[in-house]
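The values are calculated or read from the model by the stated rules, or taken from the named source; none is laboratory data. Just so it is clear, the structure is predicted and the values come from calculations on it, not from any experiment. Here the Cβ is made from the backbone with ideal geometry for all residues, glycine too, and neighbour counts use every protein chain on show. The accessibility values were calculated without ligands, DNA or RNA, using every heavy atom of the protein model including side chains. Shrake-Rupley method; radii C 1.70, N 1.55, O 1.52, S 1.80 Å.
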Amino acid sequence: MRETGLKRLTSGAFFMGPALLIFAAIIIVPIGMSMYYSLFQWDAISAMIFTGMDNYTRLFQDPVLWISLKNSLFLTLGALLIQLPVGLFLAILLGYKLRGSNFMKTIYFTPVMLSTAVLGILWAQIYDPNFGLLNNLLIKLGLQSWTHAWLGETGTALASVIAVVAWQFIGFYVVVYFAALQNISDEVLEAARVEGASEWRIVFNIQIPLIWGTITFTVLNCVINSLKYFDLIYIMTGGGPNNSSEVIASYMMKNAFKLMDYGYGSAISTFLLLFGLFLALIIFKLLNKGSAKFQ
């Protein structure tokens with residue numbers, strides 16, 4: 001019998017209540033506290049001094065914040081343009097069940113399972129200007145003029161980290177896309193081939209439209225995770241040299257936990273939250289238009 005009214009509300013609250021309480025405790029309450037702290041000058045030791053919107057006024061006049069925002073957008077763009085297309089391409093290739101496909105799935109996913117600290121140290125060794133693998137390889141290929149102190153130069157530090165971030169998460173998107181592609185009926189693909197459709201047309205006219213919901217999820221996931229990305233930047237460059245690889249999340253952590261300026265760090269985290277929500281909303285609306293086009 002169908003539940004209605006108060007009974008339905010009560011049963012919903014009973015089953016969802018614990019999850020909502022946990023969500024509120026670890027997500028909503030910290031966000032509210034961060035917004036509250038952003039209105040104070042506080043070093044976590046002395047008494048808090050109410051400063052109103054001063055931290056936000058300072059934030060919009062801070063040149064390093066805008067450098068960090070620009071770098072965060074570059075990181076997000078790099079992740080979108082590398083991780084998702086490459087992940088989708090590899091997932092489609094795996095769908096053909098070529099020899100060694102199962103082994104390749106494991107290989108692609110391995111970087112996702114590795115600790116970020118391990119990856120940071122590993123790639124710092126590869127990028128090392130004196131004995132690193134990358135410079136040695138370029139010298140062997142006769143491309144000595146292409147060698148750099150990859151993490152020590154303002155022109156290459158951010159791009160070097162973006163390359164590692166892209167490499168780290170491609171495997172995750174391979175698995176997500178591969179799972180989505182497996183839900184497409186073989187009869188649909190075979191019918192298209194019998195009708196004479198090329199493999200490219202099958203990919204662009206059948207497979208991508210049918211997994212558009214998954215693509216929407218991966219784009220939003222990639223954007224949100226890239227905007228809040230912090231650990232590899234912290235390990236490999238510390239935001240340097242000269243703030244050239246500083247992103248908003250690392251700048252927030254630096255202010256809050258190195259400079260002990262919790263009020264300003266909280267203002268930066270609030271700005272990051274609102275900016276991320278705004279960007280996610282725009283992308284969601286754009287991708288929804290794409291979804292309507294395929295229907």
* How about the range 127-240: which helices (runs of 4 or more DSSP H) wholly inside it have at least 3 residues that are open to solvent by 70 Å² or more (accessible area, probe 1.4 Å), farther than 20 Å from F109 by Cβ and among the charged types (D, E, K, R)? -> 186-194
* Asked: Among the residues of the range 39-49, is any open to solvent by 50 Å² or more (accessible area, probe 1.4 Å) and in contact with a helix residue (DSSP H, G or I) (Cβ under 6 Å, 6 or more places away or on another chain)?
  -> yes
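Quick grid of which residues meet (1) farther than 20 Å from A280 by Cβ; (2) crowded, with 17+ Cβ neighbours inside 10 Å; (3) of a type in the set (S, T, N, Q); (4) in contact with a Cys (Cβ under 6 Å, 6 or more places away or on another chain):
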residue	(1), (2), (3), (4)
P63	yes, no, no, no
G87	no, yes, no, no
L94	yes, yes, no, no
F103	yes, no, no, no
* To do: Would you check if there is a residue in the range 145-158 being farther than 25 Å from S245 by Cα and of a type in the set (D, E)?
  => no
* **Pairs where the first residue, in the range 189-206, is farther than 16 Å from F89 by Cβ and the second is of a type in the set (K, R), C-beta under 9 Å, 6+ apart** => A192/R201
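Per-residue answers, yes or no, for (1) among the hydroxyl-bearing types (S, T, Y); (2) touching a Phe, Trp or Tyr at 6+ places or on another chain (Cβ under 7 Å); (3) under 19 Å from L259 (Cβ atoms); (4) free of Cβ contacts under 8 Å to residues at least 60 places away in the same chain:
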residue: G32; (1), (2), (3), (4): no, no, no, yes
residue: M35; (1), (2), (3), (4): no, no, no, no
residue: W42; (1), (2), (3), (4): no, yes, yes, no
residue: T51; (1), (2), (3), (4): yes, yes, yes, no
residue: I67; (1), (2), (3), (4): no, no, yes, no
residue: F74; (1), (2), (3), (4): no, no, no, no
residue: L84; (1), (2), (3), (4): no, yes, no, no
